[in-house]
Amino acid sequence: MRFILAAAAIAVAGPASAAIVTFENITGTWSNPIGGSNISYSGNGTDDASIRWGNSTGQGKSGYDFEEISIPGLTVNPPAGSDLATIGLFRHVNQPITGNAISGVTLTFTTDVKLDGTYLDTVNFVYNFKHTETPNDARPCQFGGANGFGVNSNGCADRVLVNFNSQSDSFVIDGKHYALDIVGFLVGGDPATAFLTKEKRVNEAYLQGRVVLYSDLVDGVPEPATWAMLIAGFGLVGAAARRRERLALQTA
């Protein structure tokens with residue numbers, strides 16, 4: 001029984017103290033577009049990065065912008081993550097174009113990470129944007145209801161989705177790896193997992209994210225430290241079982 005209790009003590013660590021995580025010197029870089037024609041970039045590696053595609057029909061090309069904003073310090077209570085916060089400004093410049101639109105693109109979010117005010121690391125968080133371009137004159141529209149009304153008032157709206165990319169870096173708090181997840185958008189004050197964007201408009205939304213265990217983002221793979229505790233615990237339980245078997249044979 002002492003061996004089993006020892007294994008449980010190893011596997012159950014005491015709670016870690018809360019930490020304040022801040023992100024500073026944030027820049028954005030657009031890359032790896034899927035599809036699209038006449039691709040161009042501006043401001044990559046700065047706090048205001050843009051990608052454009054297609055050929056203008058008079059109002060300019062279509063594209064995305066990422067603009068850095070000041071992120072408040074996020075409280076992390078290991079092993080739990082933080083609450084949601086606004087982590088950047090996103091724009092879809094949705095103009096009528098000729099040529100092809102993209103169907104996806106990657107944003108690399110580079111930032112200095114500080115822990116309780118002390119510099120910890122400079123990391124790259126990577127996010128995938130999925131773009132669905134729709135025919136403006138479709139009836140019915142693919143998203144958002146009838147053509148000519150609401151978000152489809154200027155023709156059928158496009159849709160933008162975003163998710164975390166496992167190529168992202170991580171940072172370490174109390175031996176555990178964390179990352180800045182991205183969960184969706186804040187559109188006009190309302191949270192949304194999908195951003196429907198009007199035609200012939202510059203559509204703005206805030207990106208919403210939270211600090212979370214990296215292992216929770218990548219197929220639920222346990223942290224290395226967790227594996228170590230589990231293996232140690234299993235080893236001690238196995239030793240206890242073998243000891244009971246030897247005692248049983250000696251007394252038989």
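D for the stretch 1-160, whole µm²/s, Stokes-Einstein with Kirkwood Rh over alpha-carbon pairs at 37 °C and 0.692 mPa s: what number? Intermediate values should be presented prior to the final figure.
On the way: Rh = 18.9 Å.
Translational D for this selection: 174 µm²/s.
Dividing the convex hull volume of the alpha-carbon atoms in the stretch 83-186 by its residue count gives 130 Å³ per residue. Using only Cα coordinates, the Kirkwood hydrodynamic radius of the stretch 131-203 works out to 14.3 Å. Could you list log10 I(q)/I(0) for the stretch 71-132 at q = 0.13 Å⁻¹, which the Debye formula gives when each Cα is one point scatterer? Debye curve over Cα of the stretch 71-132, log10 I(q)/I(0) at q = 0.13 Å⁻¹: -0.56. Using only Cα atoms, locate the centre of the stretch 147-189 and the centre of the stretch 196-220, then give the distance between them in Å, rounded to an integer. Spelled out, the Cα-based centre of one part sits 1 Å from the other. Reachable lysines from Lys198, Cα under 22 Å, same-chain residues fewer than 8 places away excluded? Within reach: Lys61, Lys130. Within a straight-line Cα-Cα reach of under 25 Å, Lys114 can be paired with the following lysines, leaving aside sequence neighbours fewer than 8 residues apart in one chain: Lys176. Of the residues Val202, Val21, Val218, the one with the largest accessible area comes first in the ranking Val202, Val218, Val21, computed with a 1.4 Å probe on protein heavy atoms. If I take R0 = 45 Å and measure r between the Cβ atoms of Leu120 and Ser40 in this structure, what FRET efficiency does the formula 1/(1 + (r/R0)^6) give, to the nearest 0.05? Computed FRET efficiency for Leu120 and Ser40 comes out at 0.80. Surface exposure of the stretch 58-112, expressed per residue as accessible area with a 1.4 Å probe, stands at 34 Å².
The values are calculated or read from the model by the stated rules, or taken from the named source; none is laboratory data. On a predicted model such as this, the values are computed, not experimentally measured, just so you know. With ideal geometry, Cβ positions are generated from the backbone for all residues, glycine too; neighbour counts draw on all protein chains shown. Heavy atoms of the whole protein, side chains included, go into the accessibility calculation; ligands, DNA and RNA do not. Shrake-Rupley method; radii C 1.70, N 1.55, O 1.52, S 1.80 Å.
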